[in-house]
Amino acid sequence: MILPRFIRKILAIFRGSVSPVMIVLSVAMGFWFGLVPGWSGFHTVIVALMLILNIHLGLFLLSAGIGKVLCLAAAPVLYYVGLGVQNYLSGLLALLASVPVLGMTDFSRYSVAGAIVVGPIIGVVAGLLLARSVIGFRRMFLKLEEGSDKFKKWYSNRWVRILDRLLIGKRTKDAKALFTGKTKVVRKAGVILAVLVVLASVGIASLVKDNTIKKYATGVLTRANGAEVNMEELDLSVLTGAVSVSGIQVTDAQKPQNNQVSIEKIAADASLYNLLLGKVVMENVEVSEVKFNQERATPGKVAEAEQKPSVFDPCDFKLEVADISKLETYFKNAKAVKEWLQKVRRWLPKSKGKDEEAATEADRKPHKYLEYLEARAIVPPSPRVLAKQILLDKVEIPSPVFGNSRIRLENLSDAPQAAGLPVRFELKSNATTAALDATFDYSRRGDGPVISGTFAGVDLSKIQSSLGENAGLVFEKGTASGKFNGKITSESIDLTIDVAIRELQAKGRGKGVLGLGSKTTSEALGVLGELSTTIRVVGPITQPRLVFDAKALTEAFKEALVKAGKKKVSEEIDKQLEKHIGDKLGDKVPDEIKDAIKKPGDLIKGLGGLLGGKEKQDE
């Protein structure tokens, strides 16, 4: 064979049995395949269609090569076409993303979105031009074969036929068959081959995709954490749906030599359908060996965070006349609390203004030529990873209130705002009676999710060690429970907490509560067995204020002081009567009077409630 087989196959198209329809399809699919950058679920679908349909392999490969060159040469064009597609045909992209295997394509890339629309147009035009040329050549060949005796005589020579076969290859025996032959659209053997190729591609992709998903997951977590997040291994089987992640380390941005948290292994079964869409949706996730504040082998990288000055303005939160205090007033180590809030801030939703979005868009515009192929649309991220339920048992929480605990998380994802599902957090202590149940509602549109929940069984004596001397209280006993609701974003917090305390035993110290002094505060707390109040936490997320309902607290302490005064007066009268009357008269006092003297409270009531001891009569 003098000419390469590939070239002979291309030349044989003009004289072969490839129908014009299949010529158009071969060229169109080849250009479409080549124009879309990279390799994705889209390319797997095109390859499967190529095997199923009677596509000419040579034409497809030639067109794909030309399309790939055109993709690199026209990268800016694809970028700007993709801008229009994202703005006006986003519904089409959403529809394509919902198709299995095809959904594994990253349609947020401008170049991909542009090529998806431009590819078939260019391919069909090129295919029609080639088909027209082939039809013209075949008509000329038929005319020569049927109308020219000299051509018939020349072509009947043995050496001409041998040379024609060597240079180009075989052709149809009859030129009329080029126009009268039936077109085979589907390859029967190709259907089975396509299934095998798709399964093999998915299997290979599951091995190759591990690194891609691992890189994506660590990137998302690192940006959210503001410091390096590492994973030793990530195994994802598209065929079985098994997901396993091991060796997770989340760097503490404040102390890069330590981890905020480290997890030995996470295992779950994922939905096969969603895996074919490029998403990891897990029903039940098992987490083992969770540890906090562990030293790293090497310090993690920390991103440079923009520090904005925190300004607290009571008018922003529409605060009424109340007692507004800083954290330093009540917490012994307010700095540690603020550092913890700074860490949490990175994981909270952000509220962006139009100016910030415009600035972000300007920053994301390509500055280098090849960046036109990688640029992505600024759209709400689609959740790629969703864990419907995560269970963590026997987690050692560094807090005397909870200690060894059981944690359950629901609907945890990489894009909760886009998922629109309520994220639930349940914490139940195995060591104490404390429990916490919080729900972040992302179904509402706004600056951030609405948070609500309840807490119960909080032992106040266990939080005493974290309270400062200015708190004015020393809790000896008591159990707090209640509910909370409000909004939390990465910029601010406005949370209302309704607290109910039962079996309260406490005493005052320092200035006491509400300026009453330690002695008066202790007297009030001595008879105040229950207390209900409302506390608001408002302000910048790293500099919040505690807002107390001073009016309600004052009324509660007034009632307690009155009750304490009555009790004190009653005890003093009892003491004096026993001393001055009971001891002197002795047996001369009648039994009825003795009983009254021993119960001065009843005696006071009998005197008409002179000291406020009169009971209310039943109506």
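Does the stretch 462-479 contain at least one residue that is on the phi > 0 side of the Ramachandran plot, touching a Lys or Arg at 6+ places or on another chain (Cβ under 6 Å) and not assigned by TED's automatic domain parsing to the domain that holds ALA270? Step through it out loud before you land on a result.
So the first thing to find is which residues in the stretch 462-479 are on the phi > 0 side of the Ramachandran plot, and the list is 472, 478.
When the remaining residues are screened for being touching a Lys or Arg at 6+ places or on another chain (Cβ under 6 Å), the result is 472.
From what's left, not assigned by TED's automatic domain parsing to the domain that holds ALA270: 472.
Yes, the stretch 462-479 has at least one match.
Scanning for something out of contact with any Pro (no Cβ under 9 Å at 6 or more places or on another chain), surrounded by 15 or more Cβ atoms within 10 Å (Cβ to Cβ) and at pLDDT below 80, does the stretch 527-541 turn up at least one residue? For the stretch 527-541, residues out of contact with any Pro (no Cβ under 9 Å at 6 or more places or on another chain), surrounded by 15 or more Cβ atoms within 10 Å (Cβ to Cβ) and at pLDDT below 80: present. Among (1) more than 30 Å from VAL562 (Cβ to Cβ); (2) buried (at least 20 other Cβ atoms within 10 Å of the Cβ), where does THR489 come up short? Condition not satisfied by THR489: (2).
Among the criteria (1) surrounded by fewer than 17 Cβ atoms within 10 Å (Cβ to Cβ); (2) acidic (Asp, Glu); (3) farther than 29 Å from VAL344 by Cβ, the one GLU523 does not fulfil is (1). When every residue of the stretch 9-30 is checked against the conditions, none turns out to be touching a helix residue (DSSP H, G or I) at 6+ places or on another chain (Cβ under 9 Å), surrounded by fewer than 23 Cβ atoms within 10 Å (Cβ to Cβ), modelled with pLDDT of 85 or more and within 30 Å of LEU370 (Cβ to Cβ). On the given criteria, is THR489 hydroxyl-bearing (Ser, Thr, Tyr) and closer than 26 Å to GLU396 by Cβ? Here the answer is no, as THR489 does not meet what is asked. Taking the numbered list (1) at pLDDT 90 or above; (2) assigned to a strand (DSSP E or B) in turn, ALA506 passes all entries but (1). Identify, please: which residue in the stretch 542-567 is surrounded by 14 or more Cβ atoms within 10 Å (Cβ to Cβ) and charged (D, E, K, R) and is, among those, modelled with the highest pLDDT? Here the residue is ARG545. For the stretch 281-296, the criterion of being modelled with pLDDT of 85 or more, surrounded by fewer than 15 Cβ atoms within 10 Å (Cβ to Cβ) and not in a strand (DSSP E or B) is met by no residue.
Only residues that are within 18 Å of PHE33 (Cβ to Cβ) and of a type in the set (A, V, I, L, M) were counted across the stretch 86-114, and they come to 7.
The values are calculated or read from the model by the stated rules, or taken from the named source; none is laboratory data. Given the structure is predicted, the values throughout are model-derived calculations rather than measurements. Please note: Cβ atoms are built from the backbone with ideal geometry, for glycine as well, and neighbour counts cover all protein chains shown.
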